Ligand SMILES: [Zn+2]
């Protein structure tokens, strides 16, 4: 965990929401709910003749590396599976927002570094300093062998 001062208010809030979600969520499921309807095969069942009477069930579809797989969900677990999907989406959105914060922080750090570099080049004559840096680097490289 970085020191609090490094993090923006936004990033702190996002992290706290993610922590809260991780603490509360029963589970996470990545996929899209798909409603399946099928005939059960019994000739006497109404589904055999009436399309609107077909048996519905829930599956979770997920595509990975171009392959789609379906996870069938029993009736008693449908509500739970849908909650897990929702929580996966929430976690994903928080991570996306945290990605944005990370990029902003890197951009800011890069800008500060650039400023510091140009400031130090303006101050000193530079030639002596760069010479010193090179020798210290060479020494460091030799040591491991
Ligand atoms: Zn049927």
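Quick note: the coordinates plus some simple rules give every number you see, no bench work behind them. In this text the structure is predicted, and so the values were computed from the model without any measurement. Ideal geometry is used to build each Cβ from the backbone, glycine not excepted, and the neighbour counts take in all protein chains shown.
Points to keep in mind about this one:
- Over the range 28-114, the reciprocal of the mean inverse Cα-Cα separation, the Kirkwood hydrodynamic radius, stands at 16.4 Å.
- Projected label points at residue 36 and residue 72, each 7 Å from Cα along the beta carbon direction, are separated by 0.5 nanometres.
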